[in-house]
Every structure is written in structure tokens, then in C-alpha cells.
Amino acid sequence: MFRSARLKLTLFYLGTIVLFNLTVTLSIRVYAEHEFVRSNIAQRSEVRRWALHLFDTPMPKRSTTAINNFQDQQVQIVRDHLNQSLLVINLLAMAIGGMLSYWFAGRTLKPIEDAHEAQERFTTDASHELRTPLANMRLENEVFLRQKHFTEAEGREQIESNLEEVQRLERLANNLLALHQFGRTALTRQPVSVPDIVAAAVAQIKSTASAKHVTIKQEIAPAKVLAHKESVAQLMDILLDNALKYGAGGGEITITGRLQRRSNRYLLSVQDRGPGLAEQDVPRVFDRLFRGDKARSTKVAGYGLGLALAKEIADANSAGITARNNPGGGACFEIALETVA
């Protein structure tokens, strides 16, 4: 589909270039012809004037005809050279324009093609994630209903299992809704204190970190940034939750914040001591429903929407977010926020 669209767009660009070149060429040709005629008339008048001035008699008709023929021959030679030059220029313009048109068509369609592929991948993955809990509930309920007799405890256990799957679906729906909301809603940014943002995020995750025996270390330089406080706190909550899920084995999460005066940015990072990210996964960690290492992701509950939501929140706050591995081990996610002047 995109190959055909690229060819059509290439032909459109090339047609535009050819039309422009023909317009310029014809304009030059008409102007040159006009100049040839005007120059000949002026030269013939000048020759007659000089002949009359020098010889006090009009130039003989035979001489006039010879001069006129010579001028016409010279004009025809120049005209032929001009036509050849314009033809070569147009052929070169078509060849170069064709290559440039194909390249520009590819550049024009690349974002659309990437968005189309991402949408297809997202639809496929979302369908899979929706089918899994539904299939689990259906299978469990069918097996349960085949029993002729069951106790109240077994019934309650079955209902609790169904509720867990419903909660999974609810979380997925909420995350998808949040992704849609942050992708379309303009947030009002105001000057907020970075320590306040970090404190709000840490308060949300503190009990979970204590249960997993994980220490949260903070090295925050005080500063004010231009941001939407609640959404950035949610972003930090996502990064801390991600660090707890995949880096809890390291026993420590470090939150650092430093001011970059040259770029007028405040760098806020969350680092864990876990196994880190697979190098091939780093460029895709912010893709929707991407969960990276399959062997690891099956052991951790989630849908792969958290980091995608973090990216949407960062974009809504005109902030950058990057992921990398620490040289000493573990993953690091860094947010670049705009500081208040």
C-alpha cells in the first residue's frame, strides 16, 4: 500500500517539477525570441544610420539584404544553441527531480507509515491482552460449572479469581484511556518545586517499597520547573513502580535531580540496581504494550502500558524522557524538565 502511495506521490512531485521547468523554459524562450527580434531591428536601424552618415547615401538594397541574412543566420545559430541548452537542462532536471521526488515521497510518507505500523501493532497486542483474561475467566468458569457439587469456599474462590481478571481488564482500560487523554489534552504548566513532586511520588510507593525491602535514596537539588504537578508526580510514580517491578532485587532505588544551566533543563532520574534493559529493547521501551524480555515479563504483572503512558505525560509537559543502562548495572530513566527562569 505504501509502496504504491510512494510511487503516486513521486509522480505528483515529478509532475510539479516538470510543469515548473516547462513554465520557466517557455518563459525564457519567449523572452529570448523577443530580444532577438528587438536586437535585429535595433542593429539594422543603426547600420542604416551609420551608412547614411558616412556615405551620405542610403545603403544599397543588395548590401542591406546581405547584412540581414547574416544577422538571421547568427540569430538562428544562437537560437539552436539555446534550444539545445534548454533541452539538456530540462532532461537533467527531470532525472534529478525524479530521484529527489522519490526521496521526498519517502520522507513524507515515513511518519504515516510508522504510525500505521504502530497502530497495527498496538491493535494486535491490545487484542491479545484483552483476550487473555477473558479466556482465563471462561475456562475457569466452564471447569467450575462442570462440577456437580461445590462448597461455598470453592464458590468464593472462583468469584475472587474472576474479580482478579476483571481488575486486570479494568487496569488495562484505565491505562488505555489515560494514554488517549494525555495524547489529546493540553496541560496547564506552572512553576512547581521538584522536591514536592518527588515527595508526592515517593509517598505513593513507599509502603510497597517497604514490603519488598527496597530503600529509596534521594539526591535532589532544589529547583523549580515548569510542569503540571499532578501529571509529573504520576510520571514519577510510574518510573518508581517500574523500578520496583524489575529492579527490586537490587534492594535500592536512587532518585537524583540536577540542574543543567546551559540547557535550562532539570534532569530528574530514577535508577535501580536490577538486571537492566536488553540493548535491543532500549529503543522500544516506550512503545505501547511492549514488555521487553519475554522471559522476565511473564514473571511480572502488567501490560506494557506504564512506560508508554510516561512518555505521553512527558510530551504533554514539553519534557524529554530517555532510558539507558547504568555502567554499574541496573536501568536508568531520566526526565528533562524545563526550569523556571
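Computed from the coordinates by the stated procedures, all read-outs in this text should not be read as laboratory data. Only a predicted model underlies this, so the values are computations on that prediction, with no experimental measurement involved. Backbone-built Cβ (ideal geometry, glycine too); neighbour counts: all protein chains shown.
Work through the residues other than V225 whose Cβ is under 10 Å from its Cβ and net out their charges, Lys, Arg +1 and Asp, Glu -1. Mind dumping the intermediate values first?
Values: positive: R189, K224, K229, R265; negative: E338.
Neighbour charge sum, excluding V225 itself: +3.
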HN-Hα couplings for the stretch 259-269 via Karplus (6.51, -1.76, 1.60; θ = phi - 60°), in whole Hz with x for Gly/Pro, come out as 9, 9, 6, 5, 8, 6, 10, 10, 9, 10, 10
Order 30-42, 202-214 from most to least packed using the mean count of other Cβ atoms within 10 Å.
202-214, 30-42
Can you list, largest first and rounded to whole Å, the semi-axes you get for the stretch 190-338 by taking the square root of 5 times each eigenvalue of its Cα gyration tensor?
23, 17, 14
Mind ranking 254-260, 136-142, 272-278 by how tightly packed they are, going by the mean number of other C-beta atoms within 10 angstrom, highest first?
272-278, 254-260, 136-142
